[in-house]
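One structure is given here, and the rest of the page talks about it.
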Amino acid sequence: MTVLALETSCDETAVAILRGRDGRSGPKLLASEVASQVAAHEKYGGIVPEIASRNHLLFAPQLLDRTKSVAKINLSDVDAFAATSGPGLASSLMVGASIAKGLAIGFGKPYLAINHLEGHLLSPFFSDADGEAGIRPNVSLIVSGGHTMLVRVHALCDYQVIGRTVDDAAGEAFDKVAKMLGLAYPGGPEIEKLARDGDPNRFDLPRSMPGSENFSFSGLKTAVRYLLPKVVGRFCETPGEEERLTQTPYKLDDRVLADLCASFQQAIIDVLVTKTIAAAQKYNVDLVTVSGGVSCNEELRRQLHEACSRNGFEFKNAEPWLCTDNAAMIAFAAYLRLQVGFQSQVTEEINPNLALVS
Ligand code: KG4
Ligand code: ZN
């Protein structure tokens, strides 16, 4: 069983080919290619949907060619074609879904519309030696640029959303605070790098919505916004420079910048870890999983792993290359769904607001 998947929900164009191994062990990834558009959107300070969809149209055929040649297969060898059908940007989703549908129609093979969030959710199981039967009940934290969610996973295709962000996603907060600090996009990796040398206890930042299963990060972002002029005034007192320094993005002393990044990152980690462990205890699961772009953050992985060990939970994270958007996770979700007889109609529309559970 060979599956080809496209992922074009936002600003990454990705194609992957996965082949099942007849129930012996998990499927084998034959090829996975991602074309980043970060450089194309950087100068606008955010993603421009029309540029994203034009680039998907440009990159997708090139990536299809490359994955085919890396996997050493012809398109006629593929047993099913899949694409992300939501959530995401409508004009971006349309590109990947249209290509996958066209290939499915052309080769007379099944088409599978896959939820991007399910791709993230299942990605911690990707590398399991016994991947075929490996989706066990767990509490899953999905943390990305667009989503922050706690999901109770009963089995494949059987999910219950326990909590979600009521405003910004965790990755969005990383990106927005990084922008205030004059750091490059995406901001998460930049903040993580600077935080390594910083003191996470230097600045007292809020941990929002304690006791709730939902998340809120916009208050934390605003707290950093209000803190900035104060720390600039207090720590960067070069005469005549204060006015320039209080313009955004702020230019901070290296030590202040590192301490601020570490304090901000720790505020996010505290909230994610506390709520995930509380949910795992409440729903009495053995396993905690984490996925999505923010789960690339080593400090988050370390602290979540430690908290799981302390509380008797097994911990599984998606490998770093599977955390940010990619098509391997979409191919994997499609592959698992095919095993249980799932198929989509080629008339199924993309849905920018697609929920994980309908
Ligand atoms: O999963 P993803 O590629 O796209 C969405 O589905 O949103 O996640 C991208 C997000 C960005 O906000 C980025 O800043 C964040 O993941 N991110 C990180 C790290 N690497 C990526 N956040 C914190 N620490 C990181 N190392
Ligand atoms: Zn994503």
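Just so it is clear, none of the values below were taken in a lab; they were calculated from the coordinates. As the structure is a prediction and not an experimental result, all values here were calculated from the model. A quick note on method: Cβ atoms are made from the backbone with ideal geometry, for glycine too, and the neighbour counts reach across all protein chains shown.
Tabulated values for the structure
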{"item": "The chain - share of DSSP beta bridges that are antiparallel (%, nearest 5)", "result": "60"}
{"item": "Expected 222 nm ellipticity per residue - DSSP helices of 4 or more, -39500 (n - 2.57), all of the chain, to 500", "result": "-13500 deg cm²/dmol"}
{"item": "Per-residue ³J(HN,Hα) for segment 314-331, Karplus 6.51 cos²θ - 1.76 cosθ + 1.60, θ = phi - 60°, Hz, x for Gly and Pro", "result": "6, 10, 9, 10, 5, 4, x, 5, 9, 6, 7, 4, 7, 8, 4, 5, 6, 4"}
{"item": "Cβ-defined net charge surrounding residue 185, 12 Å radius [Lys, Arg +1; Asp, Glu -1]", "result": "-2"}
{"item": "FRET efficiency, residue 345 to residue 38 (Cβ-Cβ, R0 41 Å, nearest 0.05)", "result": "0.75"}
{"item": "Gaussian network model of the chain, springs between alpha carbon atoms under 10 Å - residue of 20, 108, 293 with greatest fluctuation", "result": "108"}
{"item": "Computed Kirkwood radius, in angstrom, where 1/r is averaged over Cα pairs of segment 149-217", "result": "14.2"}
{"item": "Compactness index (Cα Rg / 2.2 N^0.38 Å), segment 1-76", "result": "1.29"}
{"item": "Cβ-based exposure ranking for 276, 84, 289, in which fewest neighbours within 10 Å come first", "result": "276, 289, 84"}
{"item": "For segment 46-95, fraction of C-alpha pairs farther apart than 12 Å, in %", "result": "69"}
{"item": "Ranking of 43, 221 by count of other Cβ atoms within 10 Å, fewest first", "result": "43, 221"}
{"item": "Nearest 10 degrees, 0 to 90: helix 90-107 Cα axis against the chain principal axis", "result": "20"}
{"item": "Principal axis box of the chain, alpha-carbon based, largest edge first, Å", "result": "71, 46, 32"}
{"item": "Tensor-based shape of segment 31-179 (alpha-carbon gyration tensor, a/c under 1.5 rounded, otherwise prolate or oblate)", "result": "oblate"}
{"item": "Residue with peak Gaussian network fluctuation, the chain [Cα springs, cutoff 10 Å], from 344, 98, 208", "result": "344"}
{"item": "Choice from 171, 198, 96 with maximal GNM fluctuation in the chain (Cα, 10 Å cutoff)", "result": "198"}
{"item": "Prolate/oblate/rounded label for segment 257-346 (Cα gyration tensor, a/c 1.5)", "result": "oblate"}
{"item": "Ranked list, fewest to most other Cβ atoms within 10 Å of each Cβ, for 306, 299, 118", "result": "306, 299, 118"}
{"item": "Flagged links, alpha-carbon separation over 25 Å, of 282/316; 193/221; 179/282; 68/101", "result": "179/282"}
{"item": "Test item: Cα-centred dipole of segment 95-179, Lys/Arg +1 and Asp/Glu -1 on Cβ, debye", "result": "220"}
